[in-house]
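To keep things clear, I will list the structure first and then write my remarks on it.
Bear in mind these aren't lab numbers, they're just calculated from the coordinates by the rules spelled out. Note that this is a predicted model, so its numbers are computed, not measured. Cβ atoms come from the backbone with ideal geometry, glycine included; neighbour counts cover every protein chain shown.
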Amino acid sequence: METELSLIGLVDWLWARKRFWISVSLTLGAVFWIVSWTLAPVYQSSVVILPKFSSSGPGSLNQLASLAGLSMGAPQNPEALYSDIIRSDTLLNRLIALPGTDDGTLGDSLIDPLGMDEENQQMREYQLKEKLRKDVLKFATDDGSGVMSVSAKIPSSPELAAVVANSCVRLLDEHIQSAREQHGKVRTEFMQARLQDIELELGHARAAVTKFVAQNRSYASSPELAQRHSELMLEQQAVLEVWIKFREQLELEEVEAHGELQALDILDWAIESVEPIGPNRAMFLALGIVLGFVISVTVLSFRDARKT
């Protein structure tokens, strides 16, 4: 009951002073709305991608991470790894060194839209990469379909937003391809060396059988010699089976190494956005009105407190 009375009293108190707080709220809302028109429009472009998963397994992910200068413990999913690679120094250094939309590099083209005013080149590059990591680049995965997207948000320039998003995905694809090639080369060299060792073992096993038969031509008439012959044949067959498996695996590695021209399936490349995604003028207006209401009520409360 007391709560209801206090709420009614508060409503009556606000209603009696409605002209003041309404005018302040609307005025501050209008100011915020006008300010939103002075801010640069923000454009966003996205590349939609679906990864191709290699049969090489987690080992290739570790190799991919090491190429980007990242450290991995337990194997992680490709989505998280791709997100880390996109934000890595290795990829961002290559990104800002690409040709820009005007004369100079892509990093030079991003300086004005991102509001970079640092004169020292090293410091400017550091700030630019931090800006790209925190404000510009975004990596997202749809939980239902597993489709991934790489987005770039750039003020004032829809062209730059599309260029940055597309360039980032191309560099990511090159990274994955390079990792797979290096990983496949290591695996191929290992299997070729192991295959040579197995071929030597197979040659020794065949030679042992041939020598035994030459020394014991009537081995079939002796149970002991026949058993020994069977053991030698089983040893030869076991080594032969291992050789066949390694040979098949080596052929698969060679096919995989030369079979894929692209590591990522690009569903949609980024295009220049027609409509900006920000600033959100409705949000600016609402924020101004709410802030104006809070300020006006605070002023009224202090004024009434001084009177009493």
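Quick rundown of the values:
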read-out	value
Lys, Arg +1 and Asp, Glu -1 on Cβ, resulting dipole of the chain about Cα centre, debye, nearest 20	1040 debye
Cα principal axis extents for region 93-215, largest first, Å	89, 41, 21
Burial ordering of S273, S145, S23, S109, fewest other beta-carbon atoms within 10 Å first	S145, S23, S273, S109
Local electrostatic count at T101 - Lys and Arg +1, Asp and Glu -1, tallied over other residues with Cβ under 10 Å	-4
Isotropically averaged projected area of region 170-227, using the convex hull of Cα atoms (one quarter of hull area), nm²	5.6 nm²
Angle between the chain longest axis and helix 121-131 axis [Cα atoms, degrees, rounded to 10]	90 degrees
Ranked R206, R94, R303, criterion: other C-beta atoms within 10 Å, fewest first	R303, R206, R94
At 0.890 mPa s and 25 °C, Stokes diffusion of region 115-179 via Kirkwood alpha-carbon radius, µm² per second	182 µm²/s
Convex hull volume of region 219-308 per residue (C-alpha atoms, cubic angstrom)	259 Å³
In the chain, lysine pairs with alpha-carbon atoms under 19 angstrom apart (chain gap of 8 or more, or interchain)	7
Surrounding net charge for S301, when Lys and Arg each add one and Asp and Glu each subtract one, Cβ distance under 12 Å	+3
Positive dipole terminus of the chain, leading residue within M191, I295, H204 (C-beta point charges)	I295
Sorted largest first, extent of the chain alpha carbons per principal axis (Å)	126, 65, 34
